[in-house]
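Below: one structure, written as structure tokens.
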Amino acid sequence: MLLAPLFSPDDLRRWRSCERRFWLARHRLQRGEPMTALQPPPDPDVALRASFPHADTVAPPQTPSQWVQAMGHTLDCLDSDEHLPEGWAILGACLTSEDRVQVRIDVLGAAPGGGLRLYKVRHATVGDDSDIDTVALWTHVAARCGFAVQGAGLLLVDTDFVYPGHGCYAGLFREVDLRPVLGTRPVAQWLGSMRHCERGAEPAATPGPHCHQGEGCEFAASCNACAPPRRARRAGGAGGPLQFVPAAATVARAWPHPRHCLRIDTIGMAVPVWSGTRPYQTLPFQWSCATEAADGQWTEQHFLADGQGSDPRRAFAETLLRALGTEGAVLAYNAGFERNRIRELAQWFDDLAPALDALQARIVDLFQIAREHCHHPVMAGSWSFRAIARAVAPELDMDVRLDPALGERANPTAQSVYALMQKPGQRLAVRHACREALQAHGQRETVVLRRLVGVMEGAGE
Ligand code: SF4
């Protein structure tokens, strides 16, 4: 008799979300068709290694024979007679229980009073129900393998952590003890129900919010009852050109030259890479500026923090001050965002603060004028930057474009592309492609601002 593939945490996640999803995935696996991992394990990156400086790392297995090797490696580490130093753990410990569940545990270490403790690592500030399910399953497997599990929990990012630099990430993660809630997860009973479901007939579809949670169900397209909800549009039709009331032209023509159309991009990284910064702290990494001189000529300037390791904020502030000079209007959309970033730069750099603070009085918020004086069918009742871009620059694709082969997700954002570029040890070719994608993105955004200013000035003509 051919045995079904071993159960994994992904099977449990699917089963907890929808029996039909679980059944379809399991039958696909039985036919030898691969399934995409729902939550790929975290890289044992520099931050995790710093928390467990004496860790053994088990490479992620891909094939059955690699799983056998990985389990052997895990058991060798656990059987070692050597004294285990403080901070010892196995990163990516691989275990299989006799009830046919296979798991790769993010962190498996020695508990202070004897026995083992295990952790799931989340590059996030909070965990969710599926994290508890996963830890409960890992605990079940470790116990069935004969290990005394004395501790189980999550390692979450501590937002109070301040990165001192030099790769010192000790203290980045905070532990959340899950033992008090693991009793609410009857894992052995679940596994029995999963086996029963797998052997039974294909369950009926039960459409609901679970079909679209997270990345969404991989069977939604073939599950007729579960077509994704259509986004409602409050108005239809392409309409003509964007129109402003004539009063907008009076306001726009009064803006002094040089006029600087400014966009700033920021990122909040779970694992800070610049010393003195915290996890998820909003940090500026790119500005893009199109400047119109009094004679109507436009020039483009751009800054992207692409040095790895060194804090780019000072260079960001200095180059921005040079680009914006001391005269003219600074035109931004939803300008509170740009105002706040400039205010933060002034707080970080005392010597630059007077010049940065002086920018505040020159900033004009185009969003306020747009919201009061224009609307267009393609904006569908929204005044977001993307909505206004659809109205003034419909031919521009406002998504960030990067070759998926470079390792980025299907719909990258400026932030995800920047994070990819800044990944330690990133290949030069990838960094170069990211830089080009980000620059092109910033340039398209300033084109939208230029068009918007032009439409405002021409209102009523
Ligand atoms: S689309 Fe919804 S009902 Fe259908 S299998 Fe997926 S989660 Fe279940």
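The values are calculated or read from the model by the stated rules, or taken from the named source; none is laboratory data. Note that the structure is predicted; figures quoted are calculated from it, not measured. Note that each Cβ is placed from the backbone with ideal geometry, even for glycine, and that neighbours are counted across all protein chains shown.
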Practice task
Could you please let me know if Gly171 is among the small types (Gly, Ala, Ser), away from the ligand (no atom under 16 Å from the Cβ) and touching a Phe, Trp or Tyr at 6+ places or on another chain (Cβ under 6 Å)?
Solution key: yes
Problem - Candidate set: segment 296-355, residues that are in contact with a helix residue (DSSP H, G or I) (Cβ under 8 Å, 6 or more places away or on another chain) and acidic (Asp, Glu); chosen: the one nearest to Met456 (Cα to Cα) - result: Glu300
Exercise for the section: May I ask you to list the residues in segment 209-226 that are more than 7 Å from the ligand (Cβ to nearest atom), part of a loop (DSSP other than H, G, I, E, B) and either surrounded by 16 or more Cβ atoms within 10 Å (Cβ to Cβ) or not polar (S, T, N, Q) (or both)? Expected result: Gly214, Glu215, Gly216, Glu218, Ala221
Exercise for the section: Grab the strands (runs of 3 or more DSSP E) fully contained in segment 31-123, keeping just those with 1 or more residues being aliphatic (A, V, I, L, M) and at pLDDT below 90. Expected result: 102-110
Handout entry: Meets criteria (modelled with pLDDT of 95 or more and hydrophobic (A, V, I, L, M, F, W, C)) for Ala370
Key = no
Completion exercise
Considering segment 4-27, residues that are charged (D, E, K, R), more than 18 Å from Pro64 (Cβ to Cβ) and within 26 Å of the chain's Cα centre (by Cα), and then whichever is nearest to the ligand (Cβ to nearest atom), we arrive at Arg21
Problem - Residue satisfying all of: in segment 269-283; at pLDDT 90 or above and under 16 Å from the mean Cα position of the chain (by Cα); surrounded by the fewest Cβ atoms within 10 Å (Cβ to Cβ) among these - result: Thr282
Handout entry: Positions within segment 90-103 being of a type outside the set (Ser, Thr, Tyr) and surrounded by fewer than 21 Cβ atoms within 10 Å (Cβ to Cβ), in sequence order
Key = Glu98, Asp99, Arg100, Gln102
Problem - Segments classed as helices (runs of 4 or more DSSP H), wholly inside segment 313-398, with at least 3 members that are buried (at least 18 other Cβ atoms within 10 Å of the Cβ), within 28 Å of the chain's Cα centre (by Cα) and in contact (Cβ under 8 Å) with a residue 60 or more places away in the chain - result: 336-348
Practice task
Restrict the check to segment 447-459 and report whether at least one residue is in contact (Cβ under 8 Å) with a residue 40 or more places away in the chain, farther than 30 Å from Thr250 by Cα and of a type outside the set (Val, Ile, Thr).
Solution key: no
